[in-house]
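Notes for the one structure printed next.
The values are calculated or read from the model by the stated rules, or taken from the named source; none is laboratory data. Because the structure is a prediction, the values reported are computed rather than measured. Methodologically, a virtual Cβ is constructed for each residue, glycine included, from the backbone with ideal geometry; neighbour enumeration extends over all protein chains shown. Side chains included, ligands, DNA and RNA excluded: accessible areas come from the protein's heavy atoms. Shrake-Rupley method; radii C 1.70, N 1.55, O 1.52, S 1.80 Å.
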Amino acid sequence: MKKNSLLVLMGLCLISFETLCQGVPKAYDAVNYKGKVKGRLVKLILANGYIGASSLNFFMLGKTKPLVFVPDAGVANELNRLKFVAVNKNEPAYFILDNMQDAYEETPAFITGDYFLNSKKIPFKLAKVKYPKH
């Protein structure tokens, strides 16, 4: 009896694991933007349709891996501004992007914002990356 119960439990676990591995369909479109802040490359992946899934990569001089920043909330504030904080909790810098919407009918050509480090505010502009059509 115990052996049968164990086999059933193992089977249910396997089915649950298989379901998780199949993944969930993406509910948003990823739109790429890039620009520079203080001469350093910034890349934004805007999740059009679910702004909370967006991410921002900040490439530091002399480093091969970027610092990754994610939204601190799943939605923009009442002024349509969204704060991006570092995944590495020890990083004091952060970004605030303007005109952030959960879903755009047509994504903007540019996104503006401010980079904050040590109480200094540095404005910047990101341009939508256009890919060649095949």
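Some notes on this structure:
- Residue satisfying all of: in the stretch 81-127; open to solvent by 20 Å² or more (accessible area, probe 1.4 Å) and among the aliphatic types (A, V, I, L, M); farthest from Arg40 (Cα to Cα) among these: Ala103
- Scanning the stretch 103-125 for residues that are of a type in the set (A, V, I, L, M), farther than 14 Å from Asn48 by Cβ and at pLDDT 95 or above yields a single hit, Ile122.
- Of all residues in the stretch 45-56, none are open to solvent by 40 Å² or more (accessible area, probe 1.4 Å) and either charged (D, E, K, R) or free of Cβ contacts under 8 Å to residues at least 12 places away in the same chain (or both).
- Strands (runs of 3 or more DSSP E) within the stretch 62-134 that include 3 or more residues more than 23 Å from Ala30 (Cα to Cα): 120-128
- Index of the failed condition, Leu82 passing every other in (1) touching a helix residue (DSSP H, G or I) at 6+ places or on another chain (Cβ under 8 Å); (2) more than 25 Å from Gly39 (Cβ to Cβ); (3) of a type outside the set (Asp, Glu): (2)
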